[in-house]
Amino acid sequence: MSAVIDRNAAVIAEFRARNGKVGGPFEGASLVLITTVGRRSGRPWTNPVVALADGGRQVVFGSNAGGARDPHWYLNLLANPQVTMEIGTDAGHVKPFATRAVPLAGDERARYWDLQCSRDPAFRAYAAAATTRTIPVVALHPLDLAGDSARGRLIGEQLVRHHDDLRAEIEQVRERFERALGGAPHAREPQGPAEQLRRHCLTFCYHLQLHHTREDGAFSAFEREFPHLVPAITRLRAEHVVVEHALAAFEAILEQAATTTTPPRRLRDEFERVLTGLEEHFAYEEAQLLPALGR
Ligand SMILES: [Fe+2]
Ligand SMILES: [Fe+2]
């Protein structure tokens, strides 16, 4: 793990534990966490960023502390503007929100930039240091379903499509297991079966992690629009945590298997155990959410 990722992980953990407050160099700063999808890796990345509240939206700044390059999260959101934002709330805990990222330009960008510089003069120094670029300023618009049934239907369609994609990926990983059990490694994959499976499972885990992160954000809009769904959503959020832990445990088993002689049959049985819970989760989610979303 690089020092930057390490430091980020510590800030993220503190942010979530202290309702959005962080000490050290960020003491007193108003921060949000944003999760973007890696434009090449498809992997979810979470970063703490300085934010300015502006009515219902948050405006964030890609200062990169005056670095020569735009931060990765900014390049990621240009490629895919679906960003999950986590923020401290009056309820005393951090809450995730599905947002759409809109880079600001011209006078609008200048207005928020000046406002931020007057709040924190360090930003003027960042701009002076980052001479080769204009520091990006981005507005994050939270998803709002109020009176927008077309958007609700669209989200319902997206949910089913993502579940179907994930189900197809599950089938692919299953096939790998069967191949490994049959002792016939893929001709173009020189690694052992456990290593092959680990790679495929890891990709699947990233996709699932991203799906759940985005859902957790969208759920906050559902809870507001469809209060009768709150008990089901509470259960769905809890299931996301259970699935995440089960997959992390399975990844650890796979990692161990890469250096020992764990029988593929045992790996497959473990994988099937995790999947049974996941498939039940997909089915429950569709049954609970789709009727409200107009499907
Ligand atoms: Fe889910
Ligand atoms: Fe889902």
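The values are calculated or read from the model by the stated rules, or taken from the named source; none is laboratory data. Nothing here was measured: the structure is a model prediction, and the numbers come from that model. All Cβ positions, glycine included, derive from the backbone under ideal geometry; neighbour counts span all protein chains shown.
Within segment 74-103, the set of residues being within 13 Å of Val138 (Cβ to Cβ) and touching a helix residue (DSSP H, G or I) at 6+ places or on another chain (Cβ under 6 Å) comprises Val83, Ala101.
Selection within segment 280-295: residues that are of a type outside the set (A, V, I, L, M, F, W, C) and in contact (Cβ under 8 Å) with a residue 12 or more places away in the chain. The member of this set that is farthest from ligand 2 (Cβ to nearest atom) is Gly294.
Apart from one condition, Ala248 fits all of (1) away from ligand 2 (no atom under 12 Å from the Cβ); (2) modelled with pLDDT under 95; (3) touching a Pro at 6+ places or on another chain (Cβ under 9 Å); the exception is (3).
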